[in-house]
Every structure is written in structure tokens, then in C-alpha cells.
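*Asks:* Here you go, one structure.
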Amino acid sequence: MLLHPPPSPPASLTHTFTHTSDGPPLYRSTSMDARLSASLLAGLVFLLHGYTAWAVVEVSMEDRVEVFKGETAQITCMFTSDDGIGGLTIQWFYVLRTGEKQKIYYQDATMQVVDRNTQFTDRIMVNVTAATGEVVLTIADVQLKDQLEFICLIKSLTDGVSEGRTKLLVFERPNFPTIEGVQTGVFADEDSLSKIGSCEVKNGFPKPNITWYRNNAPLRVSDVVNVVASTTIESSGLFSVRSELSLKVMKEDKDAQFYCEVTYLVPGGTRMTETNPINITVYYPSTAVHVWVESPKGKIKEGDSIIFNCHGNGNMPSSVFVKHGTTEYEVQSNMLVLENVTRLQSGDYECISMDTKTYEELSGNTTVFVNYLDPVVVLPNYVEMAQGEEWKATCNALSSLQTHTAWFKDGQEVSTGHILMLKDVTFDTAGMYKCVVTVPEIDGMEKTATLQVHVKGAPEIIKPEHTDIEESVASTVDLTCHVRGFPAPSVIWTTTDGKILETTSQTEMDDGIHSMVSVEVTSDLTAFCNASNEYGADALAYNIKAIVHTTAAATTTSTSTNGTSTLSSSTVVHITAAATTTRTSTLSSSTVQAATAIPPEKIRKESNGVIIVVIIICILLLAILGSVLYFLYKKGKICGRSGKQDLTKEKSGKDNIVVEMKSDTEDAVLLGVNGEKLPSSNQ
């Protein structure tokens with residue numbers, strides 16, 4: 001359809017066009033005839049009707065947008081229009097508390113303007129998508145004050161004007177709620193309501209709600225329940241809510257659990273959280289009092305600690321005490337402790353509870369018996385007997401229960417019953433006997449006493465396993481002597497030469513004396529332990545053999561007379577020859593081994609035979625060697641001789657020649673018969 005503009009008015013007429021914000025300009029005439037005015041009006045009506053029938057700008061928006069405080073909100077404005085984006089004017093407003101509109105954004109084909117000096121100036125951004133007909137207002141860091149109504153207004157050049165509205169809702173999760181019960185007890189069956197506790201939740205938006213529960217059942221305000229809530233708006237604009245619960249307390253509430261449930265709104269729904277449960281102390285009167293022994297379980301004995309449990313079946317401030325005869329004991333926290341009791345504390349115990357509010361008394365009682373075991377009496381407790389005699393001792397202890405008696409010596413049980421019989425006694429019988437009296441029904445209930453027995457007789461030395469001792473020279477050996485006998489023997493240590501040794505230690509025992517002496521080994525020694533008392537004496541001998549560590553150097557001594565050689569162990573080798581001539585020769589040390597070293601050994605009896613055999617073998621070898629050397633000498637094979645020496649000549653003062661060879665100098669000299677050196681002319 002084509003739109004035709006209205007005809008132009010005559011030039012003589014004056015006219016005015018007034019533009020409205022919502023439609024095309026209107027035409028007004030100040031001087032026209034009726035026909036022209038009617039025609040113009042009809043054309044204008046036709047034009048307006050044509051615009052309306054063609055198209056209208058349509059805007060649609062959600063009724064609300066929800067977001068947490070501090071997050072980013074996006075408000076979307078959907079529009080439809082036949083005009084392109086260049087033919088649209090877009091504006092955003094928010095509604096003030098007074099109801100007025102405040103513009104925050106403007107956009108047309110030529111500009112985009114964010115209004116200055118508003119609470120959104122620095123936090124908004126607008127994106128327009130023409131293809132989908134979508135305008136999005138983005139608000140960053142949303143605050144509580146941003147919870148307002150926002151208006152999206154779109155104006156088209158040809159389609160008119162349309163707007164949409166959305167409310168921005170802001171949320172903040174509250175802190176975890178806290179609950180606090182009354183610190184004092186609450187009396188049951190009171191006429192008025194009693195305060196139970198308070199519950200508080202802070203810093204939520206919108207305002208959270210608090211609901212009280214008792215044993216998982218919600219409490220509603222009634223004649224017996226009252227809830228008072230108060231709300232505080234913090235400086236941040238967040239809400240804090242406090243709720244106090246009061247109710248008429250019954251005895252059954254002593255075990256009840258109370259807690260609070262807090263509900264609060266979040267984007268898209270509702271959330272809930274609960275406090276920890278609390279109990280209250282409910283006071284109610286007792287109808288009976290009970291008392292019993294808490295510890296020990298079972299029978300009680302002297303020395304035990306008794307713990308009484310004493311209280312009524314109610315829960316009311318009261319004064320509780322226990323009475324035994326004329327003695328009264330104060331009870332603390334329903335408990336009474338009597339330490340280290342005796343048989344005198346047997347009897348009836350009465351627990352009395354007095355209500356401090358009504359001064360009424362209730363009581364209960366129990367009976368206690370303290371078992372006892374008197375000290376043990378042993379008769380006699382000291383005995384001296386001669387060997388071969390017999391004796392009887394008794395052991396008794398008074399007790400409230402059946403007892404068992406046993407006798408022990410050196411940790412071993414030797415008899416049972418109250419009587420100990422000692423027959424045909426010996427030194428083995430002497431010693432300390434212990435009588436133990438126990439009460440089988442009660443663990444740890446026992447008493448003991450002792451009996452000392454001495455057996456009189458001459459000393460008797462207990463012979464050790466070894467009395468023959470071998471020790472190295474300069475070492476020290478400890479000798480012990482255990483002497484039985486009574487009276488306690490006198491012990492003296494001596495040696496074979498009558499020397500008295502100083503005692504190192506001496507201990508008196510039940511059956512005699514234990515003595516010890518330390519001896520320094522310098523040579524073979526015999527030490528005696530001499531014991532004696534008024535009944536006789538005894539002795540013990542220790543034979544100590546001193547072992548000497550030696551180092552022996554073996555050399556060869558050879559003496560030859562008329563062709564026969566003998567060897568001896570010494571430090572110098574001697575050769576004696578019966579010569580027929582005065583010619584002598586000096587033997588070089590290189591032909592005769594002068595010394596053989598024998599390593600030191602510890603001399604023991606079991607090794608003597610081996611050493612003797614070794615020495616004999618060495619002597620034989622050296623004798624053979626000496627004989628060979630002497631034979632060669634006589635043949636003239638050594639010492640420069642060319643022939644045999646005449647052995648048939650008569651002996652003279654110079655005939656007997658001794659050749660002395662010293663191993664350390666490896667030289668040989670001729671000696672006379674008396675050991676004198678011959679002059680060099682005779683050599």
C-alpha cells in the first residue's frame with residue numbers, strides 16, 4: 001500500500017506541525033473553511049490507520065533475574081521490528097524507590113551512551129544481536145542495592161515504541177546458624193513457660209527463617225510453646241535473625257534434643273541447614289533414693305577403697321549425705337569414697353537426700369562387711385638344733401574367711417598346714433622358712449611370717465669341683481670357701497709355709513660362712529682354708545701350679561773322642577778331639593750350625609712328651625752333622641789338610657785339643673785341655 005501525504009494548505013494560511021514522541025507529526029490549522037478542514041482530517045485519519053495496521057515494535061522480557069551478591073547479572077530484552085537495527089532507538093532504565101525512572105543507557109544508529117553519575121555507570125555493558133532480536137544488559141559485581149526493576153524501551157522510526165520490565169533479585173547465603181541452651185536447670189511442671197535457648201543466623205539476604213525442633217518435630221507457637229524472633233539489618237544491608245524458644249517443661253524433656261532449622265532463598269530455589277542438637281537440664285523431684293557399692297565388686301577386704309553410689313531417682317538440687325552409725329559423710333556428685341577401710345567400717349550405710357526447695361527427705365541404705373586377716377604368728381620363730389634332732393613349729397592367723405597355710409624355703413614349698421615338722425635335721429635343714437597364709441576367696445589377701453632355723457655342728461667345708469689350679473706367673477687367682485656349721489665357723493687362710501693370707505671378703509649365711517681370698521701367683525703354692533668352731537674343725541687345700549712362659553735358643557755342642565761324637569743343648573758348640581799330632585785346624589762357622597731357635601711355648605703336662613721327642617730328634621741330627629764334619633777334617637778335606645791325621649801317636653800335653661765354636665762370632669779357636677788358649681804357633 002502506498003502512503004500519500006496530505007495536500008498542501010493554501011499559502012495564505014498559517015499552520016503548525018507538532019511532533020509527538022509516540023507517532024508521526026500532527027497537522028493543526030488556524031484558519032480554514034469547513035470543507036478543506038474536513039478533507040484534511042479525513043486524510044490524516046486514513047494515514048494513521050494505515051501505519052497502525054502495518055507493523056508494531058514488540059518487546060518481551062522475563063519477569064525476574066536472580067543472582068548471588070558479587071556475581072554478574074544478565075538481563076535479556078527480546079524485540080521484533082520490521083525496521084533494521086539502524087532504525088531503532090534502545091534505552092535502559094531502572095525504577096527508583098520513589099517510582100520514577102532513571103535512564104542508564106541510550107543507543108541509536110549513530111551513538112551508544114552510558115549515562116553518567118548513576119550507580120551502574122561503571123558496571124554495565126549492552127550487547128545487541130539484530131539477527132535474533134536480542135538486547136542484553138550485563139551488570140558486573142551485583143550488590144544488594146541493585147535489587148531493582150529494569151526497563152528496556154525500544155523505539156522504531158515506523159513501528160512505534162514498546163517496553164519490557166524485569167526485576168533483578170539479589171541473594172546472599174547466611175552464615176552457619178548457632179544455638180545456645182540455657183546454662184541453668186529448668187524446673188519441670190512450672191506454671192509459667194521456661195526459656196530453653198536461642199538460635200541465631202547472620203548475614204543472609206533475603207531474610208532467613210528459623211524453625212525450632214524437639215526430637216525431630218517442629219514446634220509451633222501455642223499455649224505451651226512461644227517463639228520470639230527479632231531481625232537486624234546489618235550495615236552491609238544483610239539480615240541477621242535471632243529466635244528464642246520458651247516452653248512449659250515436662251519431666252520427659254530431660255532427654256529431649258532441641259535444634260534449629262534455618263531456611264533461606266537462593267537463585268532458583270530454597271536451601272536449608274540445621275544446628276547441632278542441645279539438651280537442657282530438667283529438675284524434677286525424687287520419689288526414691290538408692291545407694292550401692294560401686295567398687296570393689298565382690299567381697300571387700302581391709303585396705304580396700306570403697307566407692308558408694310548414692311542418689312535419688314529424681315533430678316532436683318538436693319543435699320545428699322551418707323550416715324554410718326554416728327558418722328556422716330558428705331556425698332559429692334552422687335559418689336562417696338572411703339579409702340583404706342578396716343573391719344570397724346562394716347555395717348549399715350544410709351543415704352539421705354534432702355530437697356533444697358521443699359526440704360523433704362528421702363533415704364535408702366545398704367550393708368557392708370569388711371573381711372580381715374590378722375598378722376601371722378609363728379611359734380617359735382627362732383630355733384637352734386643339733387644334727388639329728390627334730391622340732392615342730394606352728395603358724396596361725398585369725399581371719400573372717402577360710403584360710404590356706406603353706407611353708408616355703410628358698411622359694412620352694414616344703415609343707416602345707418599350720419604345723420611344720422623338722423625331723424633328723426642336717427645342715428641342709430638350716431635356713432629361713434616363710435609361712436604364707438592366704439584367703440582363697442579374695443585375690444591378694446595374704447599375710448606372712450618367718451622362722452629361722454640353725455643346725456649346730458662342726459664345720460663342714462663344701463668341696464668345690466676343682467682344687468688343683470694352674471695359673472700363669474704374676475696373675476691373681478680368687479679362692480672361695482663355703483663352710484657350713486653353727487655357730488658360725490671362724491675361717492683362716494694359710495699357706496704351706498705357715499703364712500696367713502688376708503681375706504678378701506667374708507659373708508655370714510644362714511647355714512655358715514662364705515669366704516674368699518685373692519692370691520698372687522709367683523711360684524707353685526698350696527693354700528689352705530681352715531674353718532673351726534666349738535664343735536670341731538675342717539680344712540680344704542688348693543694346689544696352685546705356676547706356669548712360666550719361656551723362650552729357648554738351641555745350639556749344638558759336639559764332643560768327639562776317638563771318633564765318637566756327643567751333642568748337648570747349650571749356647572756354645574764344643575768339639576773335643578783326641579789327636580795323634582799337634583796340628584789343629586780352626587773350623588769355620590759356615591760348616592756348623594751354631595744355634596737353632598725354639599719358639600716359646602706354655603709348659604703343660606700334656607705337652608712335655610712332645611717337647612722331649614722334638615729335642616731328642618734335634619740332638620741326633622746335630623750329632624750326625626758333627627760326625628760328618630769330624631770325618632772330613634780327619635781326611636784333610638777341610639781346613640787345608642791333605643792327608644789323614646795320625647791318631648796313633650802318644651798323647652802329650654798338647655795332644656788333647658778342644659775346638660770352641662761360638663755361634664755369635666762364627667770363629668773357632670783351639671783350647672788346651674784345661675780350656676786355655678794355645679799360642680798361635682801351635683795353631
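*Asks:* Return yes when Thr448 is part of a strand (DSSP E or B), β-branched (Val, Ile, Thr) and either farther than 18 Å from Ser532 by Cα or touching a Gly at 6+ places or on another chain (Cβ under 6 Å) (or both) and no when it is not.
*Replies:* yes
*Asks:* Looking for whichever is in the same structural domain as Pro267 (by TED's automatic domain parsing) and in contact with a helix residue (DSSP H, G or I) (Cβ under 6 Å, 6 or more places away or on another chain) here; the options are Ala188, Ala130. Which one fits?
*Replies:* Criteria check complete, one pass: Ala188.
*Asks:* Same structure again: Quick check on Asp83: is it charged (D, E, K, R), closer than 30 Å to Val201 by Cα and surrounded by fewer than 16 Cβ atoms within 10 Å (Cβ to Cβ)?
*Replies:* No, not satisfied.
*Asks:* In the stretch 129-143, which residues are modelled with pLDDT of 95 or more, surrounded by fewer than 17 Cβ atoms within 10 Å (Cβ to Cβ) and aliphatic (A, V, I, L, M)?
*Replies:* Listed by number, the residues that qualify are Val136, Ala140.
*Asks:* So in the stretch 465-488, with the set limited to residues that are in contact (Cβ under 8 Å) with a residue 24 or more places away in the chain and not in a strand (DSSP E or B), which one is surrounded by the most Cβ atoms within 10 Å (Cβ to Cβ)?
*Replies:* So the residue we want is Ala488.
*Asks:* OK, next. What is the residue count in the stretch 145-169 for residues that are under 60 Å from the mean Cα position of the chain (by Cα), surrounded by 15 or more Cβ atoms within 10 Å (Cβ to Cβ) and in contact (Cβ under 8 Å) with a residue 24 or more places away in the chain?
*Replies:* 3
*Asks:* Among the listed residues Thr121, Thr178, Thr98, which satisfies the condition of being of a type in the set (S, T, N, Q), touching a residue at least 12 places away in the same chain (Cβ under 8 Å) and either surrounded by fewer than 14 Cβ atoms within 10 Å (Cβ to Cβ) or at positive phi (or both)?
*Replies:* None of the others qualify; the one that does is Thr121.
*Asks:* Pairs, please: C-beta under 7 Å, at least 6 apart or cross-chain, first residue farther than 17 Å from Gly197 by Cβ and in the stretch 231-256, second among the hydroxyl-bearing types (Ser, Thr, Tyr) and surrounded by 18 or more Cβ atoms within 10 Å (Cβ to Cβ)?
*Replies:* Listed pairs, sorted by first residue: Thr232/Ser240; Glu234/Ser240; Lys251/Tyr284.
*Asks:* Which of the residues spanning the stretch 366-398 are more than 47 Å from the chain's Cα centre (by Cα) and within 13 Å of Thr438 (Cβ to Cβ)?
*Replies:* Listed by number, the residues that qualify are Cys395, Ala397.
*Asks:* Still on this structure, please answer the following. Is there a residue being among the hydroxyl-bearing types (Ser, Thr, Tyr), within 51 Å of the chain's Cα centre (by Cα), surrounded by fewer than 19 Cβ atoms within 10 Å (Cβ to Cβ) and part of a strand (DSSP E or B) anywhere in the stretch 212-220?
*Replies:* Scanning the stretch 212-220, I find at least one residue that is among the hydroxyl-bearing types (Ser, Thr, Tyr), within 51 Å of the chain's Cα centre (by Cα), surrounded by fewer than 19 Cβ atoms within 10 Å (Cβ to Cβ) and part of a strand (DSSP E or B), so the answer is yes.
*Asks:* Filter the strands (runs of 3 or more DSSP E) completely within the stretch 322-400 down to those with at least 3 residues that are β-branched (Val, Ile, Thr).
*Replies:* 361-368
*Asks:* Any residue in the stretch 358-374 that is in contact (Cβ under 8 Å) with a residue 40 or more places away in the chain sitting within a Cβ distance under 8 Å of a residue that is surrounded by fewer than 16 Cβ atoms within 10 Å (Cβ to Cβ) and of a type in the set (Val, Ile, Thr)? List the pairs, counting only those 6 or more apart or interchain.
*Replies:* As it stands, the answer is Leu362/Thr287; Val370/Thr342; Tyr372/Thr342, since those pairs meet every condition given.
*Asks:* Report, by residue number, each residue of the stretch 407-418 that is of a type outside the set (Val, Ile, Thr) and under 17 Å from Thr429 (Cα atoms).
*Replies:* Trp407, Phe408, Lys409, Asp410, Gly411, Gln412, Glu413, Ser415
*Asks:* Oh, and also: Criterion first (in contact (Cβ under 8 Å) with a residue 24 or more places away in the chain and either out of contact with any Phe, Trp or Tyr (no Cβ under 9 Å at 6 or more places or on another chain) or farther than 22 Å from Gly99 by Cα (or both)) does Arg173 satisfy it?
*Replies:* Yes, satisfied.
*Asks:* Then there's this: Please tell me if Glu508 is within 30 Å of Lys456 (Cβ to Cβ) and of a type in the set (Asp, Glu).
*Replies:* yes
*Asks:* For the condition outside any loop (DSSP other than H, G, I, E, B), over 28 Å from Lys456 (Cα atoms) and of a type in the set (A, V, I, L, M, F, W, C), what is the one hit in Val437, Val414?
*Replies:* Unique residue meeting the criteria: Val437.
*Asks:* List the number of the failed condition for Leu422; all other conditions in (1) farther than 23 Å from Ile462 by Cβ; (2) touching a helix residue (DSSP H, G or I) at 6+ places or on another chain (Cβ under 8 Å); (3) of a type in the set (A, V, I, L, M) hold.
*Replies:* The number of the failed condition is (1).
*Asks:* Mind checking whether some residue in the stretch 389-403 is of a type in the set (Asp, Glu), surrounded by 15 or more Cβ atoms within 10 Å (Cβ to Cβ) and either in contact with a strand residue (DSSP E or B) (Cβ under 6 Å, 6 or more places away or on another chain) or at pLDDT below 95 (or both)?
*Replies:* Yes, some residue in the stretch 389-403 is of a type in the set (Asp, Glu), surrounded by 15 or more Cβ atoms within 10 Å (Cβ to Cβ) and either in contact with a strand residue (DSSP E or B) (Cβ under 6 Å, 6 or more places away or on another chain) or at pLDDT below 95 (or both).
*Asks:* Give me the residue from the stretch 267-298 that is surrounded by 13 or more Cβ atoms within 10 Å (Cβ to Cβ) and among the hydrophobic types (A, V, I, L, M, F, W, C) and, out of that set, nearest to the chain's Cα centre (by Cα).
*Replies:* Ile278
Every residue, every condition in (1) surrounded by 15 or more Cβ atoms within 10 Å (Cβ to Cβ); (2) closer than 30 Å to Asn334 by Cβ; (3) of a type outside the set (A, V, I, L, M); (4) in contact with a Pro (Cβ under 7 Å, 6 or more places away or on another chain), yes or no:
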| position | (1), (2), (3), (4) |
| --- | --- |
| Asn371 | yes, yes, yes, no |
| Ala406 | yes, no, no, no |
| Ser415 | yes, no, yes, no |
| Ala449 | yes, no, no, no |
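The values are calculated or read from the model by the stated rules, or taken from the named source; none is laboratory data. Quick caveat, the model's predicted, so the values are computed rather than measured. FYI the Cβ positions are ideal-geometry reconstructions off the backbone, even for glycines, and counts take in every protein chain you see.
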